[in-house]
Structure formats: structure tokens, C-alpha cells
Amino acid sequence: MKKDHVKVWDSCLSIIKDNISLQSFKTWFEPILPVKLKGDVLTIQVPSQFFYEWLEEHYITLLRKTIKRELGTEGRLEYSIVMENNYRNTKPYTVKIPTKNKPLRNDPINVPLNVNRSAIKNPFIIPGLKKVNVDANLNPSYTFDNFMEGDCNRLARSAGYAVASKPGGTSFNPLLIYGGVGLGKTHLAHAIGIEIKDQFPDKIVLYVSSERFTHQFIDSVKNNETNDFIHFYQMIDVLIIDDIQFFAGKEKTQDVFFHIFNHLHQTGKQIILTSDKAPVDMQGVEQRLLSRFKWGLSADLQAPSLETRIAILKNKMYQDGIELPDDVIEYLAYSITTNVRELEGALISLIAQSSLNKKAVNLDLAKQMIDKFVKNTAREVSIDYIQKVVSDYFNMPVELMKSKTRKREIVQARQIAMYFSKKLTKSSLASIGMQCGGKDHATVLHACKTVNNLLDTDKTFRKYITELDKKLNVS
Ligand code: ADP
Ligand code: MG
């Protein structure tokens, strides 16, 4: 005898009704429409994604038992979600959920994006019991709160925030964040995703590295599932792809990304990309993609200033509940200037060292540690640090040393700072001059000559230099 979907669902409802409150029943089960019964699969229609998630979260066990009772052990439930959607091509899509009580890990969920009869197998969602929502793949510790603001990142940060408050609704689409290694691109990308999830829980957000995207694509080609791959990505509301410089030279991947990009952009979805290069420098990336990147906003991340580096360190310590003396923090911030990841790495090894040796971290320990740490990463003391050490040594404020004053002691300190900058850094004369109070390269050259002369002729002066040399070259 053939069962019919309305009857089956009715019987299910009578079981469900006995197991939950009337209020819940009215709210969550009355709006459901039975759609069809095919073999052991009953399809029901729910009014929204949220609705479906709620059912999955709160009633999965009950539903599972009920379906089993009505349709036998092979019984399955399939949802058809009619999304409220602002775009013209509103098409319902179906989410198939195995309701059998077995591990869901290997059970693909079907997410056909259109009413196409043949169900499209989608291997790209890892099904969970509660929500079969796409796992956004976001790192919860990379938030806006934790992302210290400075001149180096102000534009990117505020653009990111604007995008998060209105995904797809600003002119920053795509938002391309670019900048050197360890400057916070990944952190900011996650922060945007987290903020969107916070403000718009219903939006499907996905963070994916370009490598993962590439591998998924290659696999899909191998398995003849390219359509599923594309459909899956076209369903995302906020797509975040990290390190797109890896797309360089991968024509097929760029091709498929191009299609996905166009679809998302046309339907008002938000795209966020990061790269370690500015668009102009992305060799091996097709022109048509590069030109699309220009549709939105490209915002760069610069190396943080000293103040920002200190703020980052202090925030990190605060997060981790660590305390360190200010001079240690300053030394760290002065020593590592171009990469926040290394800055944090040094902080962590410092803490590890001190807890290992049961020694409090003082400046000496910090110096030993950091110098070792930094040496491995081609260390160079910074001009900032040299200026600080020299001005401390002569007991004068750094600003005074960098000022235009012609007073003799100050001129001398300034010349010494220039001398050490030349000796200990790879900076050019011009750049040293710039950083030591806006002087030109000739002034720096003159300073170096003067210091060398005095070293030969003046004993007291030689003592200054020797002592400063020690302070600057702890090994
Ligand atoms: P990128 O992706 O640019 O290589 P990451 O985003 O991985 O860099 O950042 C490296 C580390 O530095 C991360 O731990 C990140 O939290 C931290 N970081 C970078 N910039 C900041 C910032 N402005 N405030 C706080 N932490 C930061
Ligand atoms: Mg990164």
C-alpha cells in the first residue's frame, strides 16, 4: 500500500504533539508543509533558514524517532527551505538531512541551489547534528576588539568595520586587504567575519584560504563535481578568501573564482580578499580579475608604529593575564618592528623562558632572549631604538635630540645616533637623516666622519661610544 506524504506527516504530527508543549507545536510545527514522499524520504517545507536551524537544534531527536516510527529505519527527512530573498531569482533550495542515528560525518548534504530535479551532492559542507549551516571557519580570538588600531591599519580597519555593518551594501565590494607578512591581514579578515556573524546571524559567512579553495576545486574536478563546488560557493553571503596571491599562475582556479566572484557580486553578496601584494604587483593573476578587485576598495596594512606595537603587546599581555615590566615591553617593541607575528612570538618565548627558569623577566633576560630570537630572523636594531638608547644615555628626551637645536651636546648626541644607525642598520644615509630630525644624507655622512675623528682623538668620547656600543650590541 502506497503511503502519501500528507498522511505520513499527519501521523508524525500527532506523535510530536504528544511530546512537546502546545505553544512550541504551534510555533514550530504548524507552519510546516509536507511536500512529497519518495521512497523512504519525506520532504517538508519550512519558511526560513532560521526555522530549519531551530528545528535541527531543538527537535532533531524527536524528529528522528518519529520518522523512524512512520517510515522505518531507512526513513529520512528532507527540508525544503523557501528563503526570503531580496534578489530577483528567488529559488528555493533543499537541504537533505539524514535523520538516521549514525555518525553524520561522511554523509554529504545535498544543497541544490535551484529546483533542479537531480539532487546535487555537495561534499563541501561538513554536516553537524545541530546546524547544517556552513561552518564559517572563523577563529574566535581574531576579533575587532583585539585588533589594535593605529595609523598603519586605520583605513583597512574602518573599511572592514563598515563592511561588517553592511555586508554587500557598501561600495567596498570586494574589500581587498593587502600588506606584508605578519601585519594582521588574516586577523582582520576573521574579525570582519565574526562581526558579521554577530550582527547578522543568518548570513552564511565562509572563511577559506586560497590554498584550500584551490584544493577543493582540484578535487571537484577529479570527482566530476565542479558544479557542486560552484553551487556551494555561490550560496555564500560573505565569502572571505585569504592570501589570494596563491592564485597566481593557477589559471583554472582563477577561472572558477572569476565565475563565483561575478555571481556573488551581482547578487549583492560581500567578498573579502587578502593578499600580501598590492593588485598592481600580483603577477600571474588575470587582468579581468585584477580589474574586478578595483571595483571595491583596496586597503593596505603597514608596519605598526612604536606606539601601536606597544599597544599590541600590552593588549596581548592583558588577554593572557601576563605582567611584564615596561622597559621589557619597550625593548621588545623597539627590537621587532616589521612583523607583528614575530613580536608576539618573542613575547611568548620570553614568558616561556621565564617560567622555565623560574626567573622574573627583567631587561637583561629580555635582551638575551630577544636578541637570540631576533638573530634567527636576520635581526637589525632599529633606528628608533638607537635613538632611544643614545638619548637615555645622555639623559635627554628623544624629541630634543631629534629637534633642530644647534646646542653642542645635543648635536653630538644626534651625531652619535646617526653614527650607530649607519653602523648597525642597513638604512641608507638619506633614510637615517630623515629619521634623525629630517636631515639630509650629507649631514649624516658628516656626522659619521666627526664621530670617527673624535674616536681617535678624544678619550672621554671614546668611552661614550664603547659604552653605547655595549648597550646596543648585547650578545
Ligand atoms: P598576516 O595574515 O598579515 O600574515 P596575521 O593576521 O596572521 O598576519 O597576524 C599575525 C599576528 O599578529 C596575529 O597573531 C595577529 O593577532 C597579530 N596582529 C597583527 N596585527 C595586529 C593588531 N593591529 N592588533 C593586534 N594583533 C595584531
Ligand atoms: Mg595571513
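The residues on offer are K3, K68, K36, and the sole one that is over 30 Å from I236 (Cα atoms), of a type in the set (D, E, K, R) and loosely packed, with under 15 Cβ neighbours inside 10 Å is K3. Which of the residues spanning the stretch 267-291 are acidic (D, E) and more than 16 Å from ligand 2 (Cβ to nearest atom)? Listed by number, the residues that qualify are D281, E286. Under the condition of being among the acidic types (D, E) and more than 8 Å from ligand 1 (Cβ to nearest atom), the residues counted in the stretch 145-187 number 2.
Of all residues in the stretch 237-249, those satisfying the criterion of being surrounded by fewer than 21 Cβ atoms within 10 Å (Cβ to Cβ) and either within 16 Å of ligand 1 (Cβ to nearest atom) or at pLDDT 95 or above (or both) are D237, D243, Q245, F246.
Take the residues in the stretch 134-169 that are polar (S, T, N, Q) and assigned to a loop (DSSP other than H, G, I, E, B), then tell me which one is surrounded by the fewest Cβ atoms within 10 Å (Cβ to Cβ). Explain how you work it out, then say what you get.
Filtering the stretch 134-169 down to residues polar (S, T, N, Q) leaves 137, 139, 141, 143, 146, 153, 158, 165.
After this cut, where a residue has to be assigned to a loop (DSSP other than H, G, I, E, B) as well, the list is 137, 139, 141, 143, 146, 153.
Details: N137: 15, N139: 14, S141: 11, T143: 15, N146: 15, N153: 26.
Top of the filtered list is S141.
Hey, any hits in the stretch 188-197 for a residue that's free of Cβ contacts under 8 Å to residues at least 12 places away in the same chain and either within 16 Å of ligand 1 (Cβ to nearest atom) or closer than 25 Å to Q283 by Cβ (or both)? No: the stretch 188-197 contains no residue that is free of Cβ contacts under 8 Å to residues at least 12 places away in the same chain and either within 16 Å of ligand 1 (Cβ to nearest atom) or closer than 25 Å to Q283 by Cβ (or both). For the stretch 441-475, the set of residues classified as surrounded by 12 or more Cβ atoms within 10 Å (Cβ to Cβ) and not in a helix (DSSP H, G or I) consists of D458, N473, V474, listed by residue number. Of the candidates T73, T66, T99, the single residue that is at pLDDT below 80 and either assigned to a strand (DSSP E or B) or not basic (K, R) (or both) is T99. Within the stretch 309-325, does at least one residue satisfy the condition of being within 15 Å of ligand 1 (Cβ to nearest atom), surrounded by 14 or more Cβ atoms within 10 Å (Cβ to Cβ) and within 20 Å of Y178 (Cβ to Cβ)? Yes, the stretch 309-325 has at least one match.
Restricting attention to the stretch 312-365, the residues that are touching a Gly at 6+ places or on another chain (Cβ under 7 Å) and either of a type in the set (D, E, K, R) or part of a helix (DSSP H, G or I) (or both) add up to 3. Could you tell me whether the stretch 292-302 includes any residue that is hydroxyl-bearing (S, T, Y), at pLDDT below 90, under 22 Å from the mean Cα position of the chain (by Cα) and more than 16 Å from ligand 2 (Cβ to nearest atom)? No, the conditions are met nowhere in the stretch 292-302.
Does any residue of the stretch 249-258 turn out to be touching a Pro at 6+ places or on another chain (Cβ under 6 Å) and within 24 Å of P167 (Cβ to Cβ)? No: the stretch 249-258 contains no residue that is touching a Pro at 6+ places or on another chain (Cβ under 6 Å) and within 24 Å of P167 (Cβ to Cβ).
Any residue at all in the stretch 197-204 that is away from ligand 2 (no atom under 16 Å from the Cβ), closer than 28 Å to R309 by Cα and either of a type outside the set (D, E) or not assigned by TED's automatic domain parsing to the domain that holds L264 (or both)? Within the stretch 197-204 (the criterion being away from ligand 2 (no atom under 16 Å from the Cβ), closer than 28 Å to R309 by Cα and either of a type outside the set (D, E) or not assigned by TED's automatic domain parsing to the domain that holds L264 (or both)), the answer is no, since none of the residues qualifies.
Take G169 and decide whether it is on the phi > 0 side of the Ramachandran plot and not assigned by TED's automatic domain parsing to the domain that holds T338. For G169, the condition - on the phi > 0 side of the Ramachandran plot and not assigned by TED's automatic domain parsing to the domain that holds T338 - is not met. The lone criterion from (1) under 31 Å from the mean Cα position of the chain (by Cα); (2) on the phi < 0 side of the Ramachandran plot left unmet by K359 is number (1). Filtered by the rule that a residue be in contact with a Pro (Cβ under 7 Å, 6 or more places away or on another chain) and more than 12 Å from E149 (Cα to Cα), the stretch 296-331 gives G296, S298.
Each row is one residue, and each column tells you yes or no for (1) within 26 Å of E342 (Cβ to Cβ); (2) within 16 Å of ligand 2 (Cβ to nearest atom); (3) among the charged types (D, E, K, R); (4) at pLDDT 95 or above.
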residue: S141; (1), (2), (3), (4): yes, yes, no, no
residue: D145; (1), (2), (3), (4): yes, no, yes, yes
residue: A164; (1), (2), (3), (4): no, no, no, yes
residue: F172; (1), (2), (3), (4): no, no, no, no
residue: G180; (1), (2), (3), (4): yes, yes, no, no
residue: G184; (1), (2), (3), (4): yes, yes, no, yes
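The values are calculated or read from the model by the stated rules, or taken from the named source; none is laboratory data. Keep in mind the model is a prediction, meaning the values are calculated, not measured. A quick note on method: Cβ atoms are made from the backbone with ideal geometry, for glycine too, and the neighbour counts reach across all protein chains shown.
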